[in-house]
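Reading through the structure tokens given below for one structure.
Since every read-out is calculated from the coordinates, none of them should be taken as a lab result. All values reported here derive from a predicted model rather than from experimental measurement. We place every Cβ from the backbone using ideal geometry, glycine too, and count neighbours over all the protein chains shown.
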Amino acid sequence: MLCQECNKMPATVHLTKIVNDKKTETHLCQQCASEKGELEFAFEPKFPIHHFFAGLLDFDGFETPVGIPGKTKIQCNNCGLTYAQFSQIGRLGCSDCYESFGEKLNSLLRRIHGSTRHTGKVPQRSGSAIKVKKELEQLRKDMQKKIADEEFEEAARIRDKIRELEKDTEGGGE
Amino acid sequence: MAQDKFWVKNLSKWMEGTGPDSEVVLTSRVRLARNIKNIPFPYLASDTQTQKIFNDVNRVVGNHKGEFKDFTFIKLEEMESLERQLCVEKHIISPQMAKDVRNSFVLLRNDEAVSIMINEEDHIRIQCLFPGLQLEGAWNLADKIDDIMESDLDYAFNEDRGYLTACPTNVGTGIRVSLMMHLPGLVITKQINRILSALSQVGLVVRGLYGEGTEVIGNIVQISNQITLGQSEKEIIRNLYAVAKQLIEQEEEARQNLLNESRENLADRAGRALGILSNARIVSSQEAMQLLSDLRLGVDLGLIDFDSKIINHLLVTIRPAHLQSMERKELDAYERDVCRATLIREKFIGSSK
Ligand SMILES: [Zn+2]
Ligand SMILES: [Zn+2]
């Protein structure tokens, strides 16, 4: 087999990448492989990840809306990127794109991550209000559970904590 | 290339190959992707905008002199391309960053365990790279640095989507956790493909380098999380840690079985690797990786006496940019193979006991 890059030398480096059980293979000669940096064990995926979701986009038929007269163009007001451009380059233009592309993006996120809702870290400073909100949500859930389990003393303790938190945010919150 | 810069002159701390479970896990890495509100991502941003990102980070560093006293700013445009390639080989910067250097910087800790990439695919990428299995340690450090950054910067963060990133595959936690593992036992006993394909079904990305046939070159694979949204950082790290522990167990079992059934063969393999590496005059990087792996397995199993630190260093220093930096000139593939063999021979003199 000849090298896919230069088509001159025999391919001696065979790269296989498995994502979601889908295999992609690349065959290069030693020279091209080191030039392309494929021998360097780079940490980031080097096979264009856009191929991965370009496939998803095609599957959804996002780029060929049927029956929509005039084909409405979806565009981000902040950076000007259109959804069509995004699906070609696989990169969003700015943080506002997440709002601008709304539902379409949600369906993509669901396919990539199996979820659309962040459950991890919240920024310390700018996210303090969100943090309290998430903590309150959790406490209310805990309280309901204690009530269901008939652990009323515990439930009352959690209720007091909720009240305290609510008071704090009303007083000091922006 | 200026040879006196520490990132050119020194070896990274992670290359020493120490740390927990270092017989199987070479490195643990945690990377966080962060962006600043309302400014387009680097590939769309204007020079003024990317300059502002740098100024903002610079201000944070100025406000936290104590925390950043061991850090140095390096401007990528001021690096020669070979020097950038060297940094890629050391995992200080990403290959993509080496290609597109416009207004990009790296804020590097002197021991190279932390590198903060500025204006890469995202505005800020915080990377912590530790030797051995130290996911938790790497995360705690990245988390701390992230908090310092955020205390002075307005991150693009949304309650539902989390940290907003240029690529939707990073959105949410923005975290990528990776392990580099040496798995010769699983390769020799032909279990590797089955196991790796199973991993890819549980939301992990597996990358290996395959040579002639089905053998993984150097028996090294990289495993990382694919999902960044809907799981917390702790969950993601716990999952990968659990998988790593299982892999380590399976690898050790395979090694033990090999030792029981074909001890002489393994010792022979390691001895031959030592023989070739100590005497060869021309060695390709692929061959070197395989031989170093054979030798390392022999050392790990106590079949041969050799300083494994030398093997760890060579995994990085036999790469093209390192060889060319050492020779202080460009080398073609053949010259590199000769230079590589010479480097290995020199390092091996007096190392085998
Ligand atoms: Zn080629
Ligand atoms: Zn936008």
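Rounded, prolate or oblate: which one fits the range A:127-172, using the alpha carbon gyration tensor with axes a ≥ b ≥ c (rounded when a/c is under 1.5, else prolate when a/b beats b/c, else oblate)?
The shape class here is oblate.
Among B:Ile223, A:Leu2, B:Val57, which residue has its Cα furthest toward the positive end of the charge dipole of the protein assembly as shown, with +1 on Lys/Arg Cβ and -1 on Asp/Glu Cβ?
Result: A:Leu2, furthest along the dipole toward the positive end.
Taking square-rooted eigenvalues a ≥ b ≥ c of the alpha carbon gyration tensor, is the protein assembly as shown rounded, prolate or oblate, where a/c under 1.5 means rounded and, failing that, a/b exceeding b/c means prolate?
Prolate.
Just from its helices, what would the mean residue ellipticity at 222 nm be for the protein assembly as shown, if runs of 4 or more DSSP H residues each count -39500 (n - 2.57) and the sum is divided by every residue, rounded to the nearest 500 deg cm²/dmol?
Theoretical 222 nm ellipticity from helices: -15000 deg cm²/dmol.
Identify all aspartates and glutamates with a Cα-Cα distance to A:Lys167 below 18 Å; exclude those on the same chain that are fewer than 8 residues away in sequence.
Straight-distance partners of A:Lys167: A:Glu135, A:Glu137.
Which links in A:Lys131/B:Lys99; B:Lys52/B:Lys144; A:Lys8/B:Lys347; B:Lys90/B:Lys245; B:Lys90/B:Lys144; A:Lys121/A:Lys161 stretch past 28 Å when you go from one Cα to the other?
A:Lys131/B:Lys99; A:Lys8/B:Lys347
Kindly identify chain B as rounded, prolate or oblate by the Cα gyration tensor criterion: order the square roots of the eigenvalues as a ≥ b ≥ c, call it rounded if a/c is under 1.5, otherwise compare a/b with b/c, prolate if a/b is larger, else oblate.
It is oblate, given that a/c is not under 1.5 and a/b is not larger than b/c.
Using the Cα centre of the protein assembly as shown as origin and beta-carbon charges of +1 (Lys, Arg) and -1 (Asp, Glu), tell me which of B:Phe68, B:Gln250, A:Ala156 is placed farthest towards the positive end of the dipole.
Going by the Cα projections, it comes out as B:Phe68.
Under the definition of Cα pairs under 8 Å and six or more residues apart, what whole-number percent is the relative contact order of chain B?
19 percent
Just tell me how shielded B:37-49 is by partners: mean number of partner chain Cβ atoms within 10 Å of each residue's Cβ, no decimals.
4
Any chance you could run the full-extension gain for B:Leu259 through B:Glu136? It's 0.36 nm times the residue separation minus the Cα-Cα distance, nm to one decimal.
41.1 nm
Output the peptides A:130-139, B:74-83 sorted from most to least packed, where packing is the average of other Cβ atoms within 10 Å over each peptide's residues.
B:74-83, A:130-139
Any idea how far apart B:Lys144 and B:Gln51 come out in nm if each label point goes 7 Å out from Cα toward Cβ?
3.5 nm
To the nearest whole number, what is the average tally of beta carbon atoms from other chains within 10 Å of the beta carbons of peptide A:106-117?
Counting other chains' Cβ atoms within 10 Å and averaging over A:106-117 gives 5.
Take chain B, connect every pair of alpha-carbon atoms lying under 10 Å apart with a spring to form a Gaussian network, then pick out the residue of B:Asp100, B:Asp160, B:Asp21 with the largest mean-square fluctuation.
Maximum fluctuation in the GNM of chain B, among the listed residues, is at B:Asp160.
Just counting partner chain Cβ atoms within 10 Å, what average do the residues of peptide B:317-330 show around their Cβ?
Neighbouring Cβ atoms belonging to other protein chains average 1 per residue here.
Efficiency by 1/(1 + (r/R0)^6): what FRET value for A:Lys131 and B:Asp70, r their Cβ-Cβ distance, R0 = 35 Å, to the nearest 0.05?
It comes to 0.70.
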